[in-house]
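> Here it is: the structure, laid out below.
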Amino acid sequence: MLLFLNISAAIICAVAGAIAGNLWIEKLYREKNDILTFPHKISNQTQRRRQFLPPLLGMLFAYFLLSHTATIPDNIFNLIFIYFLVLFTITDFEQQVIFDAMQLPFALCGLAFCLFSGFPLLNHLTAALGGGVIFLILAILTRGGIGGGDIKLIAALGLWLGTAALIDVAAFGFIAGGIAAFILMVFKHKKRTDTFAYGPYFTLAALLQLFLK
């Protein structure tokens, strides 16, 4: 019975989330067209996203609910965490942008999760502030290699994860992103002067950290 309920909840949340997510992304693409990297690709990207987003969310939600035992409120917060990270991954891969309109509610949910779960608030606030400042310095040193969206993403993740887990996520994201960038340059898909989306590697690292704990 519990298995059926978990699968049903995953399917319902995935379908509703995919519909809302696609509408939200399409709205932001229209409103923020001037900051998009590949605006000419929106039509094709939208068609593909409408096909893969529901099953992707369904698989991730179902896997989490079936492999983790937690209270209903904790499960809700964790599904929200997964949902936003998937949306961030998609927009950064598609257009190399993570929208502030998505990051703000994500950060607020992280703060609410921290307070509700009884995590040490100071630790999570320190992670958010420290991570944001460090990435701001890196953005200055790399002259834009780290974007503003990455800075805000790390700060928001700090509210969700705390210092220890955030360090793991940042380290894994940098290593995975560096390897991916190197491979793209070797096969001449990218040049040294091209921009590169690091955000998805931090979001994927955060998802792995959640699923493996």
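The values are calculated or read from the model by the stated rules, or taken from the named source; none is laboratory data. Because the structure is a prediction, the values reported are computed rather than measured. Glycine also receives a Cβ, built like all others from the backbone with ideal geometry; neighbour counts cover every protein chain displayed.
> Mind checking which residues of the stretch 13-41 are under 20 Å from GLN103 (Cβ atoms), of a type in the set (Lys, Arg) and without any contact (Cβ under 8 Å) to a residue 60 or more places away in the chain?
Listed by number, the residues that qualify are LYS27, ARG30.
> Return a yes/no flag: does the stretch 106-123 have any residue that is in contact with an Asp or Glu (Cβ under 7 Å, 6 or more places away or on another chain) and either at pLDDT 95 or above or farther than 19 Å from ILE82 by Cα (or both).
No, because not a single residue in the stretch 106-123 is in contact with an Asp or Glu (Cβ under 7 Å, 6 or more places away or on another chain) and either at pLDDT 95 or above or farther than 19 Å from ILE82 by Cα (or both).
> Among the numbered criteria (1) of a type in the set (A, V, I, L, M, F, W, C); (2) at pLDDT 95 or above; (3) surrounded by fewer than 20 Cβ atoms within 10 Å (Cβ to Cβ), which one does ILE35 miss?
Against the list (1) of a type in the set (A, V, I, L, M, F, W, C); (2) at pLDDT 95 or above; (3) surrounded by fewer than 20 Cβ atoms within 10 Å (Cβ to Cβ), ILE35 comes up short only on (2).
> With respect to LEU85, is the statement that it is closer than 30 Å to ILE11 by Cβ, part of a helix (DSSP H, G or I), touching a residue at least 12 places away in the same chain (Cβ under 8 Å) and under 17 Å from the mean Cα position of the chain (by Cα) true?
On the way: closer than 30 Å to ILE11 by Cβ: yes; part of a helix (DSSP H, G or I): yes; touching a residue at least 12 places away in the same chain (Cβ under 8 Å): yes; under 17 Å from the mean Cα position of the chain (by Cα): yes.
Yes, satisfied.
> Tell me whether the stretch 4-23 contains one or more residues that are over 25 Å from LEU210 (Cβ atoms) and at pLDDT 95 or above.
The answer is yes; a qualifying residue exists.
> From the set of residues in the stretch 69-82 that are in contact (Cβ under 8 Å) with a residue 12 or more places away in the chain and farther than 24 Å from TYR201 by Cα, which is surrounded by the fewest Cβ atoms within 10 Å (Cβ to Cβ)?
Among residues in the stretch 69-82 that are in contact (Cβ under 8 Å) with a residue 12 or more places away in the chain and farther than 24 Å from TYR201 by Cα, the one surrounded by the fewest Cβ atoms within 10 Å (Cβ to Cβ) is PRO73.
> Looking only at residues in the stretch 163-199 that are exposed (fewer than 11 other Cβ atoms within 10 Å of the Cβ) and not in a helix (DSSP H, G or I), which one is modelled with the highest pLDDT?
PHE187
> Can you go through PHE88, PHE116 and tell me which one is at negative phi, touching a Pro at 6+ places or on another chain (Cβ under 8 Å) and surrounded by fewer than 21 Cβ atoms within 10 Å (Cβ to Cβ)? Walk me through it before giving the result.
Details: PHE88 fails: surrounded by fewer than 21 Cβ atoms within 10 Å (Cβ to Cβ).
Just a single option satisfies the conditions, and that option is PHE116.
> Something else about it: Please identify the pairs in which a residue from the stretch 125-148 that is without any contact (Cβ under 8 Å) to a residue 60 or more places away in the chain and at positive phi has its Cβ atom under 9 Å from the Cβ atom of a residue that is surrounded by fewer than 17 Cβ atoms within 10 Å (Cβ to Cβ) and not in a helix (DSSP H, G or I), counting only partners at least 6 apart or on another chain.
Every condition considered, the pairs that remain are GLY144/THR195.
> For PHE64, are the conditions met, namely being hydrophobic (A, V, I, L, M, F, W, C), more than 23 Å from ASP150 (Cα to Cα) and loosely packed, with under 15 Cβ neighbours inside 10 Å? Full working, then the answer.
Numbers: hydrophobic (A, V, I, L, M, F, W, C): yes; more than 23 Å from ASP150 (Cα to Cα): yes; loosely packed, with under 15 Cβ neighbours inside 10 Å: no.
It is false that PHE64 is hydrophobic (A, V, I, L, M, F, W, C), more than 23 Å from ASP150 (Cα to Cα) and loosely packed, with under 15 Cβ neighbours inside 10 Å.
> Check the stretch 150-162 and report whether any residue there is crowded, with 18+ Cβ neighbours inside 10 Å, modelled with pLDDT under 95 and closer than 20 Å to PHE84 by Cβ. Don't jump to the end; show me each part of the working.
The initial filter retains those residues of the stretch 150-162 that are crowded, with 18+ Cβ neighbours inside 10 Å, namely 150-162.
Subsequent filtering for residues that are modelled with pLDDT under 95 retains 150-151.
In the following step, the residues that additionally are closer than 20 Å to PHE84 by Cβ were identified as 150-151.
Taking every residue of the stretch 150-162 in turn, at least one turns out to be crowded, with 18+ Cβ neighbours inside 10 Å, modelled with pLDDT under 95 and closer than 20 Å to PHE84 by Cβ.
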